[in-house]
Amino acid sequence: MPNVAILLIDLQTDFLDCEQGRMPVDRLGSEGVIKIANEVLGKNILSEALTVFIVSKFPPSAHIANFFRKNAAMVGTLGANIDERILKAESSAVFEKSKSSAFSNPEVADYLKNRGVRDLYVLGVFAEGCVRATVLDAIKLGFNVCVIENAVATNAPWKKQFALWIMNRAGALVERIDA
């Protein structure tokens, strides 16, 4: 049983597809996230780690919030699906959330703790939003957290740098992993 897990946050079409996505991150960031995610899912790096997808799914009834999100990741839309460029790992768990932190879904913490996970790696989007919120909650829950710097993206470089600084200051290790 691994004591290490990797949270793959919001690797959905609406966030990673720079052409068709409703709320995409920048192209370079998207490419970096996809590359490292596929290396992880292909077991080329961190091969013993448990892989856990966290996906945002927003109800169509949340009209105001959906307006500000440009209807991204709305339940029942193609953009809410995991981006087709991401390798599908049959053994990966998938959890849905409708708030920023992955831990807003209590099943995530239960799943990790029941498997003896103590160390978390985190990658995904948006650095200043869901990634940051998840990392801060993970630290509060007692996990050791490493943010994969070159596999975290957003839509502006300054937002990413500020988010990484906040996460590091809160106690997360920020590390580059090359494939």
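The values are calculated or read from the model by the stated rules, or taken from the named source; none is laboratory data. Just so we're clear, the structure is a prediction, and the values are computed from it rather than from any experiment. Reconstructed Cβ throughout: ideal geometry from the backbone, glycine too, with neighbour counts over all protein chains shown.
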Task: Of all residues making up segment 94-130, the number that are in a strand (DSSP E or B), touching a helix residue (DSSP H, G or I) at 6+ places or on another chain (Cβ under 7 Å) and touching a residue at least 60 places away in the same chain (Cβ under 8 Å) - done: 5
TODO: Determine, yes or no, whether ILE86 is part of a loop (DSSP other than H, G, I, E, B), of a type in the set (A, V, I, L, M, F, W, C), farther than 17 Å from ARG22 by Cβ and in contact (Cβ under 8 Å) with a residue 24 or more places away in the chain.
DONE: yes
Open item on the list: Given (1) under 22 Å from PRO2 (Cβ atoms); (2) assigned to a loop (DSSP other than H, G, I, E, B); (3) under 12 Å from the mean Cα position of the chain (by Cα), identify the lone condition not met by SER91.
Closed with: (3)
Open item on the list: Go through (1) hydroxyl-bearing (Ser, Thr, Tyr); (2) modelled with pLDDT under 95; (3) under 20 Å from PHE15 (Cα atoms) for SER101 and report which single condition fails.
Closed with: (2)
Task: Pair list, Cβ < 9 Å and 6+ apart or interchain, from segment 146-174 residues that are of a type in the set (Ser, Thr, Tyr) to residues that are in a loop (DSSP other than H, G, I, E, B) - done: THR154/VAL25; THR154/ASP26; THR154/PHE126
Task: Flag if VAL108 is more than 21 Å from ASN66 (Cα to Cα) and under 12 Å from the mean Cα position of the chain (by Cα) - done: no
Task: Count of segment 131-179 residues which are part of a strand (DSSP E or B), of a type outside the set (D, E, K, R) and surrounded by fewer than 22 Cβ atoms within 10 Å (Cβ to Cβ) - done: 5
